[in-house]
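Have a look at the structure below, then the notes.
The values are calculated or read from the model by the stated rules, or taken from the named source; none is laboratory data. Source: prediction; values computed, not measured. Cβ sites come from the backbone with ideal geometry, for glycine too, and all protein chains shown count toward neighbours. Calculation scope for accessible area: heavy atoms of the full protein, side chains included, ligands and nucleic acids excluded. Shrake-Rupley method; radii C 1.70, N 1.55, O 1.52, S 1.80 Å.
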Amino acid sequence: MIYADYNGSAPLCQDVRDYLIKRLTDGPYANPNAIHHLGSKVLMAMENARSVCAKTLGADFKQVIFNSGATEGISTAFHSVMTETSKKRIIISGIEHSATVNTAKYYADSQGCEVIAIKTKPNGIIDLEDLEAHINDDTAVVSIMAANNETGVIQPYLEISKLCNEKGVPFICDTTQFIGKTLFHFKNCGADYAVMSGHKIGAMTGTGILLAKDPERVKPIIIGGGQERGKRGGTQHYLGYETLAVALNYFEKHLDNIEILNNKRIEFETKLKEKFPEVVILGEDAPRLASTTYVAYPGIHGQAVQIELESKEIFVTTSSACSDNEPVTSKVLKAMGVSDDVGRGVVRISIGLCSDPSMYDTILEALSQTYEKLTKIKSY
Ligand code: PLP
């Protein structure tokens with residue numbers, strides 16, 4: 001079996017599995033906010049996890065706020081920014097995840113904000129000039145991702161951050177697909193907020209981090225009993241947060257894998273295109289995550305490819321997990337100006353830093369057989 005949907009959700013990485021088995025066996029279990037000895041031990045382990053996360057993400061200890069994941073992080077970041085401004089313009093891009101799109105829409109619907117989605121170039125990179133042209137005195141926030149979940153295209157997040165800092169506009173950077181796949185340094189990046197989800201990096205699902213440049217300005221959306229220094233109420237998922245530290249440590253120890261995977265992915269794509277010159281790799285010419293390929297054979301339906309690969313025990317997806325049932329060109333590809341002929345044909349192959357790169361050989365073989373079979377009975 002080959003699991004190639006890491007951008008949807010990554011399996012627990014081996015170090016996390018080993019850690020959890022030992023941790024579940026040995027304990028301790030207690031409320032980290034309890035004042036007894038066991039509570040203090042749990043708190044110590046959790047705060048140790050926080051400092052490991054801070055170190056690997058280039059943040060200060062206090063800038064790390066544990067939560068349930070990126071969706072919550074984005075909501076909290078928006079809430080923090082929007083409650084301290086009367087400005088009404090929200091700038092996102094046309095390739096944002098629904099966690100951002102729908103949060104921006106919430107402020108449009110409830111507070112009369114104007115949401116502007118800036119343009120994306122055909123290679124999948126957002127248009128910086130369009131962004132600059134749209135930032136005005138009424139701009140409350142810019143929220144743009146560092147890497148796209150569908151194409152894997154890396155965005156000019158450092159330039160966006162610099163521009164926002166120059167213009168005095170808060171910048172929320174959605175780093176959900178970036179962190180754990182390539183190097184990220186929060187303080188050097190300059191964003192006001194960055195977010196991540198544990199399940200994208202091999203840690204436990206239902207865990208995540210909101211990174212805040214100025215944690216004092218974070219306004220909690222979950223009030224509760226003052227946990228996370230009053231920034232996120234509710235008893236912490238301390239076991240899960242410990243796995244975030246283990247997974248980020250694993251990533252740091254295996255940085256060499258990025259280049260190995262990147263080379264193998266390029267080899268895979270090159271061989272595929274040699275066999276099938278019609279094949280389109282989305283975002284081909286843009287900098288991309290090492291382990292994401294978004295590929296289409298025009299005229300062959302992506303779901304047909306997915307089903308065929310699944311029959312060979314290879315699990316890919318047709319577009320982002322949330323829109324799997326929609327047999328239409330995704331909004332990300334529409335923003336890139338991709339035709340329906342290509343857009344309906346895409347499958348996303350995404351693996352992780354701990355995957356065996358030789359998986360690409362098996363996927364190449366299976367995908368070639370699939371295209372050979374399906375070109376005889378083109379879907380549309
Ligand atoms: N942002 C991006 C770029 C994503 O890919 C995802 C999940 O796919 C999210 C945000 C939301 O993450 P979660 O569902 O873990 O909260």
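So the values come out like this:
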quantity: Region 207-220, subset under 19 Å from residue 82 (Cβ atoms) and surrounded by 24 or more Cβ atoms within 10 Å (Cβ to Cβ), residue nearest to the ligand (Cβ to nearest atom); calculated: 210
quantity: Residues being modelled with pLDDT of 95 or more, open to solvent by 10 Å² or more (accessible area, probe 1.4 Å) and of a type in the set (Ser, Thr, Tyr) - total across region 359-380; calculated: 1
quantity: Matching residues, region 189-220, being among the acidic types (Asp, Glu) and touching a residue at least 40 places away in the same chain (Cβ under 8 Å); calculated: 192
quantity: Candidate set: region 1-38, residues that are exposed (fewer than 13 other Cβ atoms within 10 Å of the Cβ) and acidic (Asp, Glu); chosen: the one nearest to residue 196 (Cα to Cα); calculated: 18
quantity: Residue in region 317-327 that is modelled with pLDDT of 95 or more and either in a helix (DSSP H, G or I) or under 17 Å from residue 7 (Cα atoms) (or both) present; calculated: yes
quantity: From the options 281, 223, 266, residue that is in contact with a Phe, Trp or Tyr (Cβ under 9 Å, 6 or more places away or on another chain), free of Cβ contacts under 8 Å to residues at least 24 places away in the same chain and either away from the ligand (no atom under 16 Å from the Cβ) or polar (S, T, N, Q) (or both); calculated: 281
quantity: Pick from region 70-96, criterion of a type in the set (Gly, Ala, Ser) and part of a helix (DSSP H, G or I), ranking: farthest from the chain's Cα centre (by Cα); calculated: 80
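For every residue, the table says whether it meets (1) within 16 Å of the ligand (Cβ to nearest atom); (2) charged (D, E, K, R); (3) assigned by TED's automatic domain parsing to the domain that holds residue 154.
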position: 22; (1), (2), (3): no, yes, yes
position: 25; (1), (2), (3): no, no, yes
position: 34; (1), (2), (3): no, no, yes
position: 44; (1), (2), (3): no, no, yes
position: 51; (1), (2), (3): no, no, yes
position: 55; (1), (2), (3): no, yes, yes
position: 61; (1), (2), (3): no, no, yes
position: 72; (1), (2), (3): yes, yes, yes
position: 78; (1), (2), (3): yes, no, yes
